[in-house]
1. Go ahead and estimate [θ] at 222 nm for the chain from helices alone: -39,500 (n - 2.57) per DSSP H run with n ≥ 4, summed, over the residue count, rounded to 500.
2. Lysine pairs in the chain with alpha-carbon atoms under 20 Å apart, 8 or more places apart or on different chains: how many are there?
3. Over the chain, what relative contact order in percent results from Cα pairs under 8 Å that are six or more residues apart?
4. What translational diffusion coefficient, to the nearest whole µm²/s, does segment 197-343 have by Stokes-Einstein, given a Kirkwood radius computed over alpha-carbon pairs, a temperature of 20 °C and 1.002 mPa s viscosity?
5. Taking one equal scatterer on every alpha-carbon of segment 283-353, how large is log10 of I(q)/I(0) by Debye at q = 0.16, 0.24, 0.26 1/Å?
6. Among 204-216, 61-73, 375-387, how do they line up from the highest to the lowest mean number of other beta-carbon atoms within 10 Å?
7. Let me spell out the model: positive unit charges on the Cβ of Lys and Arg, negative unit charges on the Cβ of Asp and Glu, origin at the Cα centre of the chain. What dipole size does that give, in debye rounded to 20?
8. Find the all-direction average of the projected area of the Cα convex hull for segment 403-451, expressing the result in square nanometres with one decimal place.
Amino acid sequence: MERSQALTGNSFEAHQQRRLALIERMIRGGGGIAVIPTSPEQARNRDTHYPYRADSYFQYLTGFTEPEAVLVIVVGRSDAPPQSILFCREKNLEREIWDGFRHGPEGACEVFGFDAAHAIGELDSKLPEMLADQPALWFSIGQDAGWDRRIASALNTVRAESRSGKRAPATVRDVRAELDAMRLVKDAAELGIMRRAAAISTTAHIRAMRFVAPGRFEYEVEAELLHEFRRQGCEYPAYTSIVAGGANACVLHYVGNDQVLRDGDLLLIDAGGELTGYASDITRSFPVNGRFSGPQADVYDMVLDAQAAAIAAVRPGGTFADPHEAALKVLAQGMLDLKLLQGSLDGVIESESYKRFYMHRTSHWLGKDVHDVGEYKEGEHWAPLLPGMVLTIEPGCYIRPADDVPKAFWNIGVRIEDDAVVTAAACEIITLAAPKKIADIEALMRDGRGG
Ligand code: GLY
Ligand code: MN
Ligand code: MN
C-alpha cells in the first residue's frame, strides 16, 4: 500500500470512485465493455527509452503507473455486477533485478482495488470471450494504430464464432468522450495534487529569478528549474521548459535554451513541474539585470493589467471565453496607447489587428495534460465554467522589429501565466507565490540572491 501511494500520491479510493463514475455513464449509455490501455514504452535510441509516462486516461482511472497494462471494465451483462479488471505484467524476479519492482496481477489487485487482475499475456486470448455478446465496445479508436488492429482482430475472432451464437458488439463508442467530461471537473484528490504541483513550480520560478544574471546561459536557468522540480518530488517537467532571453521570447514555442542572457534584455520563462501525473503551467517574464527599463515596464504592466482583468472574469456562470475577451480589451487599448497600433478599440478588436502582437488565446484547460482534455465549445456556445475546472490565464505581447513599430519596443516579449481553479464564488489562483508585480520582482532580484 505504501509503495503504491508513493507512486501515485493518491489513495486508491479516488481512482475507484472514478471507475464507478465511468460505469454509471456506461450504464446510462446502454452498457458494454470498456478497454483502456496505457501508453507504450518509447525507444529513444539503441537500448535507451524515453522516461516512461503512463497514459493520462489510464492513470486517471487506475493510479497504476507500470507499462504494459490495460484496464477492462465490463458492465454489459445483467446477470453479473460491473467489474474492473486489470491486465498487467507478471512478477518476474529476473526482470525486477534489471528493471525494478512489478506489482504483478495479484499485488495490483490488492493494492489498487480491482475486482480481478490477469497477466498481460492473457489479454489477446481473453478479449474475444469478454467482448462476446456485449452491446457496445467503449474504446479510444484512432488513438494508436497498433491497438486499433488488436481490437479489430479480437472483434473478428468473435464474429468468426457467430455460428455458435456469439455476437460481437454492435457499436464501438469513443470512451474518451465520457472521460474527457469527467476529467474536465477535478475532484478533491486531483485539486490537492495540482495545488502542490503549482506550489513546487512557483518555488522553481523564484529560484530562477534569484539565479539569473547577465552572462548566464538559458540552459543554466533551465537546470535550476529542473533541479527544483525534481528536488521536491515532481517526476518530470510537465512540458519542455521555455527559457527565452531577449528576442527569443517572441518565439512562442522556443525550446533551444542555448543562448547567453544579455544585460538589458527580458527573460521569459514558461515552465511547470508534473507531480503524480498532474501538470502545472507558469510563465514569468523579468529583466536579466533585475531592473525593468521604461519600455519593458510599459509592455509588462499592460500584460499584467490584462491578466488581472482576465482573472476577474473567471467565475461559475461565466464561460471559457470570458477571460480571453476581458484580456483582449485591455491589451488592445494598451497597444493603442503605446502606439503599437492605430485606430479605435472597437476597430482593433473587430479587425483582429492585435493578433500581430498577441496571437494565442488566453486560456486552456489544465490537468493531467498541460493542454488538458475537455470541450471548449459546443456549436456556437463556449463551455460554461463550473467549480472544479482548472484553466490557465496567460495573456502576452510579443513585439518583433518592424519599421512601423516604435524601436524602443523591439524584441520585447512578455507573457504572464497563472493557473486558476474555478470555485463556488469566483476562482483560486494556485500559482500566486511566484512574484509578478514589477516592484516584487525587482525586490526579489535585488535582495533575494543567494537566499
Ligand atoms: N506551456 C504551454 C502553454 O503555456 O500553453
Ligand atoms: Mn499554458
Ligand atoms: Mn505555459
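Readers should treat all values here as calculations from the given coordinates under stated rules, not as data from a laboratory. As the structure is a computational prediction, the values presented were derived from the model and not from experiment. Positions of Cβ are generated from backbone atoms using ideal geometry, with glycine treated the same way; all protein chains shown enter the neighbour counts.
1. On the way: 14 runs with 172 residues, N = 451.
Dividing the helical sum by the residues of the chain leaves -12000 deg cm²/dmol.
2. Lysine pairs, 8 or more places apart or on different chains, close enough: 9.
3. 13
4. In µm²/s, the coefficient rounds to 131.
5. -0.64, -1.05, -1.11
6. Going by the mean number of other Cβ atoms within 10 Å, highest first, we get 61-73, 204-216, 375-387.
7. Roughly 180 debye, rounded to the nearest 20.
8. Spelled out: convex hull of the Cα atoms, projected over all directions, averaged, 6.3 nm².
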